[in-house]
Structures are given as structure tokens and as C-alpha cells.
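Only one structure is covered here, and it is reproduced in the block below.
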Amino acid sequence: MLTGTQLRAGRAIIGLSIEDLAELTGLSINDIVQAEGGTAVDAHVAERLRLALEPKGVVFLAAGEDNPGAGPGVRLRGQGGDEGIRPEDLSSANDG
């Protein structure tokens, strides 16, 4: 179950305003404000928000999922962009 704090953090980590998220999900601004501020988040609203945020790179973590004893969290999925030249492949020929 997602928490309001996770939903708020997920939106913030990708830089979406509440208004942008409302437009993206079709939910009202009030629904989003209530979900982000509440401890008991409506399951339907949470699911709509999750489905909107995950494709944008937001990863929701359950309590203890990647660190025993840690609470629920949010992570931004890596973009998988250009990682440059690996150290073992460096040479004077490719030293720019």
C-alpha cells in the first residue's frame, strides 16, 4: 500500500506540479492533495497515481524492500544514458 508521503515524493522527484498530475491522471486536484496528505490513501486514487508516475521513472519501494529495517520509499529509475568510456577501454587513442 502506497503512502501519501511516497506519492508526494514520487511527484516531486520528477518535477510534476499537482496541476500537471491532475491533468495526466484525470483526478481532481483535491483528490491528489488528499492522497498526498493522508495516511489512509484511497486505493483507487493511489493506483491511478502509481500508473501515471511509474512510466515516468518513479519506483515505489515497500518497507524493507531494498534495506531491511527501512521504511517505504521512492527511487528514480536510472535513465540508461551514455555512460562514457569504461576505464578498462581508455587509451591514448580515445583520450579527447
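Remarks
- Residue in the stretch 44-62 that is surrounded by 12 or more Cβ atoms within 10 Å (Cβ to Cβ), part of a loop (DSSP other than H, G, I, E, B) and without any contact (Cβ under 8 Å) to a residue 40 or more places away in the chain present: yes
- In the stretch 25-57, of all residues being β-branched (Val, Ile, Thr) and modelled with pLDDT of 95 or more, the one that is farthest from the chain's Cα centre (by Cα) corresponds to Ile29.
The values are calculated or read from the model by the stated rules, or taken from the named source; none is laboratory data. Bear in mind that the values here come from a model prediction, so they are computed numbers and not experimental data. Reconstructed Cβ throughout: ideal geometry from the backbone, glycine too, with neighbour counts over all protein chains shown.
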